[in-house]
Amino acid sequence: MQTSIAAFKRPRVIRRTSATFPVRRIGNDYADEGFNNALPGQPALSHLFAGISTFFPVGERFMIASAQSVRDRIEDPLLLADLDAFVRQEAQHASEHTLVNKHIARGIGMDHDEICREVDALWRWIERNCSPRTRAGVTAATEHFTGFIAEVLLRDVEFIDSIPDGKAKQLLVWHAIEECEHKAVVFDAYKEVGGSELERVALMALYTLPVVLTASLPVFRLIGGHGDATNLRSWAGAGNALVGRWGWPLLRGYLNYYKPGFHPNHMPTRELEQFWRDRLQITDDGIKTHG
Ligand SMILES: [Fe+2]
Ligand SMILES: [Fe+2]
């Protein structure tokens, strides 16, 4: 199925930057979009994507603050430009997902900040108790998660084509492209402020279980709240996708972070990003590619 551009409000470049990527906005209205049925016949998988959407704004707020906390220690002008563009891209993601999340949370009678309260509490605890460098290290780890998950999804053209054309699909692809575009920025900033290899992998190892557990709770709330907890066919479908279809690529992507000397650009996605920008006709002639 070819993506129908007519179904979308195309992302617009709102800021040409001297960074290696531009900042874009969609500005959709999501009042009529059924995010908990984005994948027809697959409620558990739909709730998974909706649940992930619920905690993006609080996660992006944490990552923006972390990036800004080390900004005054960055001297490389290109990295500074990328860091500022990273902040602006994440701010756009947060504002778009906030519009969506009101409807997702209301669907089970919750407020959008209540549905993801545990993972928000985790990020706020890290903010209160850790140094700017450690927060940058945790943000680099978080960006690794979003980067490899985005890559696995964008490489699965058949899966994305199976999502009915609409705002949910557009939001997913736009956000995934930009996560790939800026995946190395905070990593480089963390290195520039003195993050060591040992600390980098230790932070990922310590952070993984708490973040995965707390970030899973909104998904389970949506599954329970929509009465899908006992829908075994739906669980089987989600398990098949998460384990059978994406299990190994996701695990391999995660484990890459533990390789000595790892850098996010060791997982190249420039061609993949371009493929999807072309497919969604996202005009970004302000972009410069990494060498
Ligand atoms: Fe984001
Ligand atoms: Fe990101």
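Here are the numbers for this structure:
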{"quantity": "Sorted peptide list for 56-67, 242-253, criterion being average Cβ within 10 angstrom, highest first", "calculated": "56-67, 242-253"}
{"quantity": "Built amide H within the under 5 Å cut-off of Arg24, gap 5+", "calculated": "Ile14"}
{"quantity": "Calculated [θ] (222 nm, deg cm²/dmol) that DSSP helices of n ≥ 4 give over the chain, each run adding -39,500 (n - 2.57)", "calculated": "-20500 deg cm²/dmol"}
{"quantity": "Listed peptides 140-148, 163-171 by packing density, highest first (mean Cβ within 10 Å)", "calculated": "140-148, 163-171"}
{"quantity": "Phi to ³J(HN,Hα) by Karplus 6.51 cos²θ - 1.76 cosθ + 1.60 over segment 152-161, Hz, x for Gly, Pro", "calculated": "4, 5, 5, 6, 8, 4, 4, 5, 5, 5"}
{"quantity": "Kirkwood hydrodynamic radius of the chain, from inverse mean 1/r over distinct Cα pairs, in Å", "calculated": "19.4 Å"}
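Bear in mind these aren't lab numbers, they're just calculated from the coordinates by the rules spelled out. If you're wondering where the values come from, they're calculated on a predicted model, not measured in any experiment. Positions of Cβ are generated from backbone atoms using ideal geometry, with glycine treated the same way; all protein chains shown enter the neighbour counts.
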